[in-house]
Amino acid sequence: MEALKNRVLRDGKVLPGGILKVDSFLNHQMDPVLMRDIGREFAARFADSHVTRVLTVEASGIAPAIFAGLYLGVPVVFAKKARSSNVPGEVYAARAHSYTKGNDNQLTCAKEYIAPGERVLVIDDFLAMGEAAGALVSLIDQAGAVCAGIGVIIEKGFQPGGDKLRGAGLRVESLLTIDCLGEDGTIACH
């Protein structure tokens, strides 16, 4: 996706520790036109996967997941990072370590929103170590559903998450892969 690549190269900021800050258009302030185009691209890439539901994590994955669900014509559910009182019933749960924040989250999803046999598409904003996507796949497995694929906006190709998920036999489609984040602030991507 050329628009995404151009936006990352123009507005992305490299922070210490291999972190790419894209909060001006992706995960704090969002560009709705870019989110729409990202959702459309995911829908096109997974059009042959017979997706029945889209699953993401709050909060940054919600906007692109909504657009992907819109173009695929399926519902969207998001896993919560903490169990809340408004989800009183049974839940699927999986732990995910946040590379950026350096903490663990217990991702939960009410059992009523993923049914056995469904074909669920995972949408995530970043793929670094593969923790969040792996936890979402665990939720899908717990439901007796099938992971139809994983759509990632930005993959850090220099970290092992993508290889780990692909090595587990999962289809991973990344819209942009970061090859290197230079100490001088340069971003190499394809």
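The values are calculated or read from the model by the stated rules, or taken from the named source; none is laboratory data. Because the structure is a prediction, the values reported are computed rather than measured. All Cβ positions, even for glycine, are placed from backbone atoms using ideal geometry, and neighbour counts span all protein chains on display. With ligands, DNA and RNA removed, areas are computed over all heavy atoms of the protein, side chains included. Shrake-Rupley method; radii C 1.70, N 1.55, O 1.52, S 1.80 Å.
Taking the conditions exactly as written (touching a Cys at 6+ places or on another chain (Cβ under 6 Å), buried (at least 17 other Cβ atoms within 10 Å of the Cβ) and within 22 Å of TYR92 (Cα to Cα)), does ILE140 satisfy them or not? Taking the combined requirement at face value, the residue satisfies it.
Residues that are open to solvent by less than 60 Å² (accessible area, probe 1.4 Å) and closer than 24 Å to GLY17 by Cβ are absent from the stretch 78-91 altogether.
Selection within the stretch 4-30: residues that are part of a loop (DSSP other than H, G, I, E, B) and open to solvent by 40 Å² or more (accessible area, probe 1.4 Å). The member of this set that is farthest from SER174 (Cα to Cα) is PRO16. Per the conditions (1) free of Cβ contacts under 8 Å to residues at least 60 places away in the same chain; (2) in a loop (DSSP other than H, G, I, E, B); (3) not hydrophobic (A, V, I, L, M, F, W, C), the sole criterion not satisfied by GLN159 is (1).
Taken over the stretch 31-61, the criterion of being among the hydrophobic types (A, V, I, L, M, F, W, C), assigned to a helix (DSSP H, G or I) and crowded, with 17+ Cβ neighbours inside 10 Å is satisfied by LEU34, MET35, ILE38, PHE42, ALA43. Out of all the residues in the stretch 111-130, which are open to solvent by 10 Å² or more (accessible area, probe 1.4 Å), within 18 Å of GLY169 (Cβ to Cβ) and without any contact (Cβ under 8 Å) to a residue 40 or more places away in the chain? Within the stretch 111-130, none qualify. Applying the criterion of being among the β-branched types (Val, Ile, Thr) and out of contact with any helix residue (DSSP H, G or I) (no Cβ under 7 Å at 6 or more places or on another chain) to the residues of the stretch 6-63, the residue that is farthest from ASP179 (Cα to Cα) is THR52.
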